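Undergrad: What follows is a structure written as C-alpha cells; I'll ask about it next.
The values are calculated or read from the model by the stated rules, or taken from the named source; none is laboratory data. Note that the structure is predicted; figures quoted are calculated from it, not measured. Cβ placement follows ideal geometry from the backbone for every residue including glycine, while neighbour counts extend to all protein chains displayed. The protein model used for the area step is the full one, side chains on, heavy atoms only, and it has no ligands, DNA or RNA in it. Shrake-Rupley method; radii C 1.70, N 1.55, O 1.52, S 1.80 Å.
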Amino acid sequence: MNVLGMFCVRGFGVAGCRTATHARYLHSFPGITVAQIDEEVAKLLELKAQIGGDNVKHQFVLKTAKGTRDFNPKQMAIRERVFNTIINCFKRHGAETIDTPVFELKETLTGKYGEDSKLIYDLKDQGGELLSLRYDLTVPFARYLAMNKITNIKRYHIAKVYRRDNPAMTRGRYREFYQCDFDIAGQYDAMIPDAECLKIVHEILSDLDLGDFRIKVNDRRILDGMFAVCGVPDDKFRTICSTVDKLDKMAWEDVKKEMVNEKGLSEEAADQIGEYVSMQGGMDLAERLLQDAKMSKSKQACAGLTDMKLLFSYLQLFQVTDKVVFDLSLARGLDYYTGVIYEGVLSQTVVAPVSPEAQNGAASEESVSVGSVAGGGRYDGLVGMFDPKGRKVPCVGVSIGIERIFSIMEQKAEAAAEKVRTTEVQVMVVSAQKNLLEERLKLLSELWAAGIKAEVMYKKNPKLLSQLQHCEESGIPLVAILGEQELKDGVVKLRVVSSREEVDISRADLIAEVKRRTSEA
C-alpha cells in the first residue's frame, strides 16, 4: 500500500498532511520520510484539482439505460389494445399460459442461439450460480418442459426478454422488449400444428390492421439439403445459414462477399446458393424443386419439400395462402430450428393518414419503415437437450414482434392525430353546488359496487365547469350530476358528454341506465 492509500485507510484529509501532524504519521508508519509524505500529498492535491475540487459535483444524467424506454399513459393504452388482440387470438386457439424466471442458469442458454449467443446478457456471480438474462422465451419453455416431464401442451407466454444488441429504437429494436409466444408441444401428425401457427400469424396481423403483409416460409431441411448439393462443407452449414439470414438486410453481393471472404466458402458454391435463394412461390415451387436435378439428390431436402406441399394444402383449407410465400432465402439464424421456419413481414411501408385539418385539406401519408413483425418454426430437438435421457418432445411455435408493432401503431396514431383514451372511466360523479362531497362519495361507492368504472374530483367543492372539462378531456362518456334539487327529488341528472344531452334518472334506475348506455357505446 502506498502512502496515499494509507491516508485513505486512516481517513486523513489533505489538510491534515502538514506541519504538526507529520510527526504522528511518521510515528504510525516507521520508515516513511517527510519527503515521501509531501510527494504523495502533492499527487493528491493535483488529482483533486483535476477533478474540480470540493465545489464541483458529479453531473448525474437522468435518463433510461441504452436500448430501453419509458411508456406514457397514451403509449400504454395502445400497447394494452395490441396485447388484448394477441391474447384473444391465442385463447381462441385453445392455449393456456405459463411464466418462467427472467434469468436462467447461464448453461441453460449457452449454445442454443448460434452467432447470436454473443448478445446474451450475463449477470455477475450471485451466490455461486452463473446466471444470464433470458434471450427469448423458447429456450426457457423447452427447459420447463424437460424439467416437469411435460410431453403435450399448447401454451402462450408474454414477457420481457433481453439482448445486448445495438438498439434502433425508431424501428422498434430494443435491448429490453416483450415477446408474445405461442407454442404447440407434442407428437402430432405432420404439418397440422405448423399450419395453425401460420394461421395465428395471419389472424393477428390482419386484426391489427398494420397494412399489407407477407408470411415467408421455408424449412431447415430444405436449406441444409440445398447447402449440401451446392458444395457447402457440413461444418459450415450453421455459419452459412446465419449469413443467408441477412438477405433481408443486405444485397446478395454483400452476402456472397461475407460467405467467401469471411466464412471461407468457394465462389462456385456461393453462386449456386445464389441461384436457389432467389426463388419464391407456393406449392408449385415445392413440386418443381422435387424434380430439380440437384435438390432431388438430397433425402433431407426431399423430406422438407414433401412436408412443404402438405403444409400448403392445409393453408389452403385455412384460406391464408394469399399471404404465404415459400421463400428459399428465409433462413432464421437460431440453431435450434429443425423443420419449417416462417417470418411475417410488412411487404411495404405502412401508410398512415394525417387529419385533413393538419394538411389544409390535402391528402397526405406517413411512412413507417419496419422489418420482421413475427417469426418462428419447428424445433424438435431442443427439449431433448435438457432431458437427462435425451427424450425429445416435438415443438413448433411463433413469436410476435410486439415492439415493432407498437412502433407502427404509435406512429399511425400520432400521424392520424388519433385521440387515445388512457382510462376506462364510464361515468364521473359531479356536484352542481357546494357541500355535497358526502353525497358524491356515497353515489360513487354505489357505482363501484355495481362494477361501474367511476371517479370524482378530489376536492370538497369543485367548480362544475372544471368537472365537465375534465370529462371532455379524458373522454369520459357520462356525467352523474348531483344538486340539492336532485337530492330532494330522488333523481340524478345524467349528462351525455358528447351531445351534452341531460336527462333525470331515478336513483334506483341509475345503475341500469349507465350500464345500458355504456354497453351501446
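Undergrad: Can you tell which of TYR135, TYR156, TYR144 is without any contact (Cβ under 8 Å) to a residue 60 or more places away in the chain, over 22 Å from ASP245 (Cβ atoms) and under 22 Å from the mean Cα position of the chain (by Cα)?
TA: The conditions single out TYR144.
Undergrad: Which of the helices (runs of 4 or more DSSP H) found entirely inside segment 402-521 contain at least 3 residues meeting this: under 38 Å from the mean Cα position of the chain (by Cα)?
TA: 402-415, 437-449, 464-474, 510-520
Undergrad: Okay, next question. So, in segment 284-299, exactly how many residues are in a helix (DSSP H, G or I) and buried (at least 18 other Cβ atoms within 10 Å of the Cβ)?
TA: Qualifying residue count for the region: 4.
Undergrad: Among the residues of segment 440-455, which ones are more than 18 Å from THR518 (Cα to Cα) and either open to solvent by less than 50 Å² (accessible area, probe 1.4 Å) or among the small types (Gly, Ala, Ser) (or both)?
TA: Of everything in segment 440-455, those that are more than 18 Å from THR518 (Cα to Cα) and either open to solvent by less than 50 Å² (accessible area, probe 1.4 Å) or among the small types (Gly, Ala, Ser) (or both) turn out to be ARG440, SER445.
Undergrad: Are any residues in segment 197-226 open to solvent by less than 40 Å² (accessible area, probe 1.4 Å) and over 21 Å from the mean Cα position of the chain (by Cα), and if so, which ones?
TA: VAL217, ASN218, ASP219, ARG220, ILE222, LEU223, ASP224, GLY225, MET226
Undergrad: Got at least one residue in segment 91-103 being open to solvent by less than 100 Å² (accessible area, probe 1.4 Å), small (Gly, Ala, Ser) and at pLDDT 80 or above?
TA: yes
Undergrad: May I ask you to list the residues in segment 248-283 that are open to solvent by 80 Å² or more (accessible area, probe 1.4 Å) and either in contact with a Gly (Cβ under 6 Å, 6 or more places away or on another chain) or without any contact (Cβ under 8 Å) to a residue 40 or more places away in the chain (or both)?
TA: Matches in segment 248-283: GLU253, LYS257, ASN261, GLU262, GLU267, GLU268, GLU275.
Undergrad: Quick check on segment 104-130: of everything there that is under 19 Å from GLU176 (Cα atoms), open to solvent by less than 20 Å² (accessible area, probe 1.4 Å) and touching a helix residue (DSSP H, G or I) at 6+ places or on another chain (Cβ under 7 Å), which residue is modelled with the highest pLDDT?
TA: If we take residues in segment 104-130 being under 19 Å from GLU176 (Cα atoms), open to solvent by less than 20 Å² (accessible area, probe 1.4 Å) and touching a helix residue (DSSP H, G or I) at 6+ places or on another chain (Cβ under 7 Å), then GLU104 is modelled with the highest pLDDT.
Undergrad: Might you check whether a residue that is without any contact (Cβ under 8 Å) to a residue 24 or more places away in the chain and among the hydrophobic types (A, V, I, L, M, F, W, C) occurs anywhere in segment 205-216?
TA: Step one: list which residues in segment 205-216 are without any contact (Cβ under 8 Å) to a residue 24 or more places away in the chain, which gives 206, 209.
When the remaining residues are screened for being among the hydrophobic types (A, V, I, L, M, F, W, C), the result is none.
No, every residue in segment 205-216 fails to be without any contact (Cβ under 8 Å) to a residue 24 or more places away in the chain and among the hydrophobic types (A, V, I, L, M, F, W, C).
Undergrad: Also: Using the structure shown, decide if LEU119 is within 15 Å of VAL383 (Cα to Cα), in contact with an Asp or Glu (Cβ under 9 Å, 6 or more places away or on another chain) and of a type in the set (A, V, I, L, M, F, W, C). Steps first, answer last, please.
TA: On the way: within 15 Å of VAL383 (Cα to Cα): no; in contact with an Asp or Glu (Cβ under 9 Å, 6 or more places away or on another chain): yes; of a type in the set (A, V, I, L, M, F, W, C): yes.
When the stated conditions are applied, LEU119 does not pass them.
Undergrad: Do we find that VAL325 is open to solvent by less than 20 Å² (accessible area, probe 1.4 Å), of a type in the set (A, V, I, L, M) and either at pLDDT below 95 or out of contact with any Phe, Trp or Tyr (no Cβ under 8 Å at 6 or more places or on another chain) (or both) in this structure? Step through it out loud before you land on a result.
TA: Values: open to solvent by less than 20 Å² (accessible area, probe 1.4 Å): no; of a type in the set (A, V, I, L, M): yes; either at pLDDT below 95 or out of contact with any Phe, Trp or Tyr (no Cβ under 8 Å at 6 or more places or on another chain) (or both): yes.
Against the criterion (open to solvent by less than 20 Å² (accessible area, probe 1.4 Å), of a type in the set (A, V, I, L, M) and either at pLDDT below 95 or out of contact with any Phe, Trp or Tyr (no Cβ under 8 Å at 6 or more places or on another chain) (or both)), VAL325 does not qualify.
Undergrad: Still on this structure, I have one more. Would segment 153-164 turn up any residue that is closer than 21 Å to TYR314 by Cβ and open to solvent by less than 10 Å² (accessible area, probe 1.4 Å)?
TA: No.
Undergrad: Let me ask something additional. From the residues in segment 63-96 that are β-branched (Val, Ile, Thr) and touching a helix residue (DSSP H, G or I) at 6+ places or on another chain (Cβ under 8 Å), which one is nearest to ASP194 (Cα to Cα)? Give the steps one after another, and end with the answer.
TA: Taking segment 63-96 first, the residues β-branched (Val, Ile, Thr) are 64, 68, 78, 82, 85-87.
Filter again for touching a helix residue (DSSP H, G or I) at 6+ places or on another chain (Cβ under 8 Å), leaving 78, 82, 85-86.
On the way: ILE78: 30, VAL82: 24, THR85: 21, ILE86: 18 Å.
Selected residue: ILE86.
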